[in-house]
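Below you'll find the structure, written out as structure tokens, and then a few comments.
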Amino acid sequence: DLNGVKTNEAYRAILKDIDRLKNEKNQLEEDILQLMDDLDSFNKEVKKREGILKSFEAEKNTVIGSLNAKINAAEQERQEKQRERDEFAKTIGEDSLQRYNYIRSAKKGSALVLLEGETCGGCRMRVPPHVITQVAKGGEIVVCEVCSRILYTDKKTETADNAKA
């Protein structure tokens, strides 16, 4: 209370304290306003980033859906090819099928290779002429003497090569 002050010095000291407290109050109000502005900016940035995140999630879900569809299609194709293989295997003699399966497992899936001119398509080694003749005749399983893979010829290519000669 300013009425209870007896000296001018005390009165000035109280006024000085009042001014200082008013300045501190004003500074605190300004700080609060700045913090509120910063909070608004932060909230706007958060909403913007949430939108970006949602678009990334939507894109991710689209990609995942596409990949799952491709996986399902590939699995269906694999099953169809397996059915075709099983049906074809029924037309082959049991001994030939066992021999093929043995070579396939030993060569990690590559049991049949194309005879490319005079070269084995598996090991890239030159094949003797009598083996080339046996493969061209057909009717029996002929294997490469080096890599033991089953050799075959592409009749279309062979016919085209003979027509050129």
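The values are calculated or read from the model by the stated rules, or taken from the named source; none is laboratory data. All values reported here derive from a predicted model rather than from experimental measurement. Reconstructed Cβ throughout: ideal geometry from the backbone, glycine too, with neighbour counts over all protein chains shown. The area values use the complete protein model at the heavy-atom level, side chains included, leaving out ligands, DNA and RNA. Shrake-Rupley method; radii C 1.70, N 1.55, O 1.52, S 1.80 Å.
For region 11-91, lysine pairs separated by 8 or more sequence positions, or belonging to different chains, with Cα-Cα distances below 25 Å total 9.
In what sequence, largest accessible area first, do ASP17, ASP95 appear using a 1.4 Å probe? Write down the numbers at each step before the final one.
Numbers: ASP17 75, ASP95 125 Å².
I get ASP95, ASP17, largest accessible area first.
For the chain, find the longest principal axis of its Cα atoms and tell me its angle to the long axis of helix 155-164, 0 to 90°, nearest 10. Between the helix axis and the principal axis of the chain, the angle is about 70 degrees.
Tally Lys/Arg at +1 and Asp/Glu at -1 over every other residue whose Cβ is under 12 Å from the Cβ of THR91; what's the total?
Details: positive: ARG85, LYS90; negative: GLU84, ASP86, GLU87, GLU94.
Net local charge, THR91 excluded: -2.
Can you tell me, using C-alpha contacts under 8 Å and at least 6 residues apart, the relative contact order of the chain as a whole percent?
12
For the chain, the longest principal axis of the Cα atoms and the long axis of helix 8-90 meet at an angle of about 10 degrees. Taking all protein chains into account, the per residue accessible area for the chain stands at 82 Å² (1.4 Å probe). Ligands, DNA and RNA aside, MET36 has an accessible area near 100 Å² when probed at 1.4 Å. Between the amide H of THR119 and those of VAL127, distances stay under 5 Å, these residues lying 5 or more places away or on another chain, with hydrogens modeled in the peptide plane. Within the listed set ALA106, ALA74, ALA13, the Gaussian network model of the chain (springs between alpha-carbon atoms below 10 Å) gives the highest mean-square fluctuation for ALA13. Rolled with a 1.4 Å probe across the full set of protein chains, the surface gives SER55 an accessible area near 60 Å².
At the residue level, VAL135 shows approximately 10 square angstrom of accessible surface with a 1.4 angstrom probe and all protein chains present. Element breakdown for the chain at a 1.4 angstrom probe: carbon and sulfur atoms account for 54% of the accessible area.
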